[in-house]
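No value in this document is a laboratory result; all are computed from the given coordinates. Only a predicted model underlies this, so the values are computations on that prediction, with no experimental measurement involved. Note: ideal-geometry Cβ built from the backbone for every residue, glycine included; neighbour counts use all protein chains shown.
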Amino acid sequence: MAIILTSTAFAAGESIPAKYTCDGKNISPPLQWEPPPAGTQSLALIVDDPDAPSGTFVHWVYYDLSPASRGLPEGVPANDKPTEGGTNGKNGANVSGYTGPCPPSGSHRYFFRLYALDSKLDAPAGMTKDQLLQAIEGHVLAQGELMGIYSRSK
């Protein structure tokens, strides 16, 4: 089953505005999604860049979001437990929260993936993408994806 994941900041396959990157305010973009399937106990989000020169770079790991939530506002704080609910994990820079696109060269793709889970993780803050993927294995009821692109103007 698929969840439709969108943003008011950019359309699927389109450019992510500089505001949400290292060239701007470096804040998370607003995200919206449709209701997850029945039985969803929590939601998790992973944002990564498979085009990074040293392999996939993780920009955000966020989990234990309420299944009642229908989105995230712009600029979710990087603290462990933001007021929006959920828990921030560690990104590829080994810090909590979102870090925006910052490709060294060329145009990169950034995948925002939302997972509807049949369980709540109740995991401590700071999980990595690999730890999260291991924890949700066998618990994904549905998934949504939004891909944006970004290239730096120099």
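Observations
- Inter-centroid distance (Cα atoms) of the stretch 85-154 relative to the stretch 1-38, Å: 12 Å
- With q set to 0.33 Å⁻¹, the log10 of I(q)/I(0) for the stretch 113-154, from the Debye formula over equal scatterers at the Cα positions, is -1.23.
- Helical runs (DSSP H, four residues minimum) scored at -39500 (n - 2.57) apiece and divided by the length of the chain put the mean residue ellipticity at 222 nm at -1500 deg cm²/dmol.
- When DSSP beta bridges are restricted to pairs lying wholly in the chain, around 95% turn out antiparallel.
- Residue (of L43, L141, S15) at the positive-pole extreme of the stretch 2-153, dipole from beta-carbon charges: S15
- Placing unit charges on the Cβ atoms only, positive for Lys and Arg and negative for Asp and Glu, gives the stretch 70-123 a dipole magnitude near 160 debye about its Cα centre.
- Cα shape, the stretch 16-86, gyration tensor, a/c 1.5 rule: prolate
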